[in-house]
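A quick write-up on the structure given underneath.
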Amino acid sequence: MNTASQTLLLGKRDAVRILFLIAKAGEPVNRNAPADTVLVVHAEKRMQALDFWMRNPDYLAHELLDQFEQYPNDKDLLKAAEQVMSGDEPDIRRLAMQRFLFGAWEALDDAVATLVLPGLVEMHRKFSGDGKKIQQTSYYLTERGAQKVAELEVIDPLDWYARRAELVARAAGERNGHQLKTSQYKVAEYNDAKHGTLIAPIGDEVASRMKMLKEKV
């Protein structure tokens, strides 16, 4: 990775986070995709939901515990939740998001623009027939972006973003944005947050729940 591009990303935490989310949670592109792209996250709603878990370790752990209760033989889910909640992780890594009409949301334009500039990501939008409404936003990882991810994910402390994005991708699976948001709305602190306010942390609740589940194993 050239020095200019690396310096650009090292100073842009939001851009690094989005880059790894596209790389780890993206799906392979089809034949109609833009040239020289390899992975894509379709829909801003899905991207916002993924980013919420990336920025809020306690909510990610809550989701992992939900999945563990559904699949109790998969002990890795419980172990992953425990790692996410270990030490000061929930406080240090937490980047609170505001609650808006359709759940947690924060403008991604600046972060995406930082990735588009050096050719790591392409963003494409589909508009309604009259051109007034965005119907879908798609975030494509380019071949150059994939190469840069491979270089960045072995650099401390950026390797954390790679590992965490992989875990978020596992938690999300193939669910679309609406399905992910529905899962997040099940948490009262998320659902009941007032429009324009920060979504409250749930670390204590998750810690208590995890302790209870570990005692049952």
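Within region 126-147, the set of residues being at pLDDT below 95 and either in a helix (DSSP H, G or I) or not aliphatic (A, V, I, L, M) (or both) comprises K126, F127, S128, G129, D130, G131, K132, K133, Q135, Q136.
If you go through region 86-101 and keep only what is in contact with a helix residue (DSSP H, G or I) (Cβ under 7 Å, 6 or more places away or on another chain) and under 19 Å from A188 (Cβ atoms), you end up with P90, R94, M97. Within region 12-47, restricting attention to residues that are in a loop (DSSP other than H, G, I, E, B) and under 16 Å from V112 (Cβ atoms), the residue that is most open to solvent (accessible area, probe 1.4 Å) is K12. How do the helices (runs of 4 or more DSSP H) wholly within region 157-207 filter down when requiring 1 or more residues that are under 18 Å from E82 (Cα atoms) and in contact (Cβ under 8 Å) with a residue 60 or more places away in the chain: which remain? Per the criteria, 158-172.
Can you name the residue in region 121-148 that is hydrophobic (A, V, I, L, M, F, W, C) and surrounded by fewer than 14 Cβ atoms within 10 Å (Cβ to Cβ) and, of all such residues, is farthest from L108 (Cα to Cα)? Result: F127.
In the set (1) under 21 Å from I155 (Cβ atoms); (2) of a type in the set (F, W, Y); (3) at pLDDT below 95, the condition left unmet by F20 is number (3). Scanning region 131-162 for residues that are in contact with a strand residue (DSSP E or B) (Cβ under 7 Å, 6 or more places away or on another chain), more than 18 Å from D51 (Cβ to Cβ) and not hydrophobic (A, V, I, L, M, F, W, C) returns K133, Q135, T142, E143. Just one of (1) surrounded by fewer than 17 Cβ atoms within 10 Å (Cβ to Cβ); (2) at pLDDT 95 or above; (3) assigned to a helix (DSSP H, G or I); (4) in contact with a helix residue (DSSP H, G or I) (Cβ under 8 Å, 6 or more places away or on another chain) fails for K214. It is (2).
The values are calculated or read from the model by the stated rules, or taken from the named source; none is laboratory data. Quick caveat: nothing in here was measured; it's all calculated off a predicted structure. Using ideal geometry, Cβ is built from the backbone for each residue, glycine included, and neighbour counts are taken over all protein chains shown. All accessible areas refer to the heavy atoms of the entire protein, side chains included, with ligands and DNA or RNA removed. Shrake-Rupley method; radii C 1.70, N 1.55, O 1.52, S 1.80 Å.
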